[in-house]
Amino acid sequence: MTDGIISVAIAWLNQDPDSETRAELDALIHDANSGDQEALAQLHSRFDTRLEFGTAGLRGELGAGSARMNRVLVAQAAGGFAAYLNEQISTGTAGHPDQRPSIVIGYDGRKNSDVFARDTAEIMAGAGIRAILLPSALPTPVLAFAVRHLNASAGVMVTASHNPPRDNGYKVYLGGDSQGSQITSPMDADIAAHINRAAASPIEALPRSEDYEVATISVLDAYIDATSQLSQRRGLDPKPGGLNVVYTAMHGVGWETAALVFQQAGLPMPNSVPEQQDPDADFPTVAFPNPEEPGAMDLSYALARTVGADLIVANDPDADRLAIAVPDTTAAEGFRRLTGNEVGLLLGWRAAELNARAGATGGTLACTIVSSPGLGVIARGYGLDFAETLTGFKWVSRVPDLVFGYEEALGYLVNPRTVRDKDGISAAVMFLDMAQEFHDQGVSVTDLLDQISQKFGHFVSSQISIRVTDLSIIGAIMSRLRENPPTIVGGVAVEHIDDLITGSDALPASDVLRIVLADGSRIMVRPSGTEPKLKVYIDTQSLSGSLVERRATCASTLEALESGMRALTD
């Protein structure tokens, strides 16, 4: 057994072009051969499994081995994806039967992102595919935009988004009928099969070519122009006394692009958090570069207190997510980060309102099944259709006649004509444009939330995350809930339970339970797709009484339902 894992590691080492991971692996092999059990366990950790390619592409910790992100794994992925694209063209299924396929490749500021992107460009070009590398480290939404703007067959973005600093990843998009959306099943399985075939031979067998293109800055200019058009203030100079905004890029690639967009959109230039403004792969000021994580926005709170800000805008490191914080005298930091659902309802209302102002008829507001049902109430209030999808923007982006879509995990799609993915910069433009309009009228973002609650009902959400070390625990809890479904949760009667494990007319199959309660509350239970967690999403609503009464009703119900679900999942 020991000889076997060492042989696998040596074979990997012999094809690894990266001096850092070669040295790392060489040391482990040496120590394992010397009888070091910890080194042997490390080899098993790195080679017993393989990072699985799925609808989210690849994502994992940097390091040597098939279960880590590295140049060998990326080369195998690029070779397999290239074979998939060439197959699609040869069979005519890609929609361009007489053309060679093309791909746009982008990357963020994480460690090795640029290296993985160049490896991909060389392997794609070596496979006869027209490969276009974006000119610098740029936000993920610029790549999603470029796939459509350049009419490419596909796109790859090298990013781990808001993951820990030591991670990196590989997101895949398709053009043609997919319109620049992320892949869905069964595309992922087809691509994974090609990757596995590519991995059966050393990566030296993959032809490479430096005959790839580097896109000009005009691609970024086109994104900036399209995104700035979301602002009603485009072409105007910001007025004196306008919004006082703080912005953080969270050590990512958002600031330069966002600043150019804000300027062209006629929006006030934010006060950027200097310690987090520029890309830094070490993420030195945050333990976890995700605006949702405790402590991640502390520096922006501090700056906002200093400058007396009206609003805080935060992007995650690849700028596809948006967080908003507003002044709150009851919070220790002086500011409160709005939930993803609060921002989603505000942006959904704004999109519906602008749609109506433009005289447009029809269209759809959409959100994932674990996001607030309040968006459906807003859609009906404006005579629009409403759609719910499975979690993930690969589903939201494909909703027909989409006007706006979101997911509660800080993802918003506000410009479906140009970007078919979540986009934290365009969402910031729409949010700031809305906030500035009402700021001029003496109405704050908090006031707007109250107005929505009064008009459409008060909606409050919470989430319970149960982290496990043994994944079988999650399966056992889901089985128990299916075999002995609750009839009461937190003192509220269960009206019905929808088990989505076999799918429905509206939704593909997914391991999700939807518990609908007699008072209109809703509970969603599902295993996390990316972490060893069971997630429980609770949504309550109150449609009658004063705003104070609605808040009290929702708070009381939420507390009872949280307690009830903790007991059921214990």
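Using the Karplus curve 6.51 cos²θ - 1.76 cosθ + 1.60 with θ = phi - 60°, what ³J(HN,Hα) values do you get for each residue of the stretch 153-166, in whole Hz, with x for Gly and Pro?
6, 7, x, 10, 10, 8, 6, 10, 6, 9, 5, x, x, 7
Dipole magnitude of the chain about its Cα centre, charges +1 at Lys/Arg Cβ and -1 at Asp/Glu Cβ only, in debye to the nearest 20?
1060 debye
Please report the base-10 log of the normalised intensity I(q)/I(0) for the stretch 13-88, using a Debye sum with one equal scatterer per alpha carbon and no solvent, at each q in 0.14 (1/Å).
-0.50
Please work out the C-alpha center-to-center distance from the stretch 444-501 to the stretch 256-306 and express it in whole Å.
Here the two parts' Cα centres lie 32 Å apart.
Considering only 546, 489, 126, whose Cα is most displaced toward the positive end of the charge dipole of the chain, charges sitting on Cβ of Lys, Arg (+1) and Asp, Glu (-1)?
546
Can you give me the long-range amide H partners of residue 489? Hydrogens built in the peptide plane at 1.01 Å from N, cutoff under 5 Å, separation of 5 or more residues or another chain.
The answer is 494.
Please list, in chain and number order, the residues 5+ apart from residue 371 or on another chain whose amide H is under 5 Å from its amide H, with Hs placed from the backbone.
Placed amide hydrogens put 408 under 5 Å from residue 371.
How large is the helix-only mean residue ellipticity at 222 nm for the chain, computed as the sum of -39500 (n - 2.57) over DSSP H runs with n ≥ 4, divided by its residue count, in deg cm²/dmol to the nearest 500?
It comes out at -12500 deg cm²/dmol, rounded to the nearest 500.
Amide H neighbours of residue 510 under 5 Å, counting only residues 5+ apart in sequence or on other chains, H built in-plane at 1.01 Å?
Counting only residues 5 or more places away or on other chains, the set is 501, 502, 503.
What ranking do 554-561, 117-124 get when scored by the average of other Cβ atoms within 10 Å per residue, highest first?
Top of the packing list down: 117-124, 554-561.
Would you kindly compute the Cα radius of gyration of the chain and its largest Cα-Cα separation (Dmax), both in Å?
For the chain, the Cα-based Rg and Dmax read 24.3, 75 Å.
So what J values fall out for the stretch 444-457 if you push phi through Karplus, 6.51 cos²θ - 1.76 cosθ + 1.60 with θ = phi - 60°, rounded to Hz, Gly and Pro as x?
Going residue by residue, I get 8, 4, 4, 4, 5, 4, 5, 5, 5, 4, 6, 7, 10, x Hz, with x marking Gly and Pro.
May I ask which residue of 265, 248, 222 lies farthest towards the positive end of the charge dipole of the stretch 222-358, with charges of +1 (Lys, Arg) and -1 (Asp, Glu) on Cβ and the Cα centre as origin?
Of the listed residues, the answer is 265.
Relative contact order of the chain, please, whole-number percent, based on alpha carbon pairs below 8 angstrom and at least 6 residues apart.
10 percent
Could you give the dipole magnitude of the stretch 354-446 about its Cα centre, charging the beta-carbon of Lys and Arg +1 and that of Asp and Glu -1, in debye to the nearest 20?
Roughly 240 debye, rounded to the nearest 20.
Report, as a whole number in µm² per second, the diffusion coefficient that Stokes-Einstein gives for the stretch 307-387 at 20 °C and 1.002 mPa s using the Kirkwood radius over alpha carbon pairs.
In µm²/s, the coefficient is 149.
Go through the stretch 201-215 residue by residue and turn each phi into a ³J(HN,Hα) via Karplus (6.51, -1.76, 1.60, θ = phi - 60°); whole Hz please, and just put x for glycine and proline.
10, x, 5, 4, 6, 7, x, 10, 8, 8, 7, 10, 9, 10, 4
Can you tell me the accessible area per residue over the chain, all protein chains present, probe 1.4 angstrom, in square angstrom?
Spelled out: the 1.4 Å probe surface of the chain, per residue, equals 40 Å².
For the chain, find the longest principal axis of its Cα atoms and tell me its angle to the long axis of helix 71-91, 0 to 90°, nearest 10.
80 degrees
If the only charges are +1 at each Lys and Arg Cβ and -1 at each Asp and Glu Cβ, what is the size of the charge dipole of the stretch 530-570 around the Cα centre, to the nearest 20 debye?
80 debye
Based on the mean of other Cβ atoms within 10 Å per residue, sort peptides 35-47, 515-527 so the most packed one is first.
The peptides rank, most packed first, as 515-527, 35-47.
Enter the per residue convex hull volume of the stretch 63-197, computed from alpha-carbon coordinates, in Å³ rounded to the nearest integer.
101 Å³
The values are calculated or read from the model by the stated rules, or taken from the named source; none is laboratory data. Here the structure is a predicted model, which means the values were calculated and not measured. All Cβ positions, glycine included, derive from the backbone under ideal geometry; neighbour counts span all protein chains shown. The protein model used for the area step is the full one, side chains on, heavy atoms only, and it has no ligands, DNA or RNA in it. Shrake-Rupley method; radii C 1.70, N 1.55, O 1.52, S 1.80 Å.
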